[in-house]
């Protein structure tokens, strides 16, 4: 500790096994989101295996829910992130709003199709 104090914290400590495990869980979560987005159970399970998700993982999960049209889980994940003291950044707001905007456009297209099918 004294040597680190004398060095003013310039030396970087080696990551602990906990950090390695967390990093691997984060990489696995990103792999599942990218390779199997249709398998929501796998995505949620991969997210839940991350010991302490960062803003990045929370953001990806919020956007994932928003793209699926699941506003309730997106909101719950957002609130969970805030409850842990993690403030959303511009990425989270921008990506979530774009995903929700896309869903609104899809709803309008479906409404148009249904209206055209009605006698």
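The values are calculated or read from the model by the stated rules, or taken from the named source; none is laboratory data. If you're wondering where the values come from, they're calculated on a predicted model, not measured in any experiment. Don't worry about glycine lacking a Cβ; one is built from the backbone with ideal geometry, like all the others, and counts go over all protein chains shown.
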- [ ] Being within 8 Å of the chain's Cα centre (by Cα) and surrounded by fewer than 17 Cβ atoms within 10 Å (Cβ to Cβ) is the filter; apply it to region 51-67 and report the residue that is nearest to residue 83 (Cα to Cα).
- [x] 55
TODO: Give just the number: which of (1) farther than 23 Å from residue 105 by Cβ; (2) in a loop (DSSP other than H, G, I, E, B); (3) out of contact with any helix residue (DSSP H, G or I) (no Cβ under 9 Å at 6 or more places or on another chain) does residue 19 not satisfy?
DONE: (2)
- [ ] Go over the candidates 79, 101 one by one and state the one that is at pLDDT 85 or above and surrounded by 10 or more Cβ atoms within 10 Å (Cβ to Cβ).
- [x] 79
TODO: Report, by residue number, each residue of region 84-119 that is assigned to a loop (DSSP other than H, G, I, E, B) and within 15 Å of residue 65 (Cβ to Cβ).
DONE: 88
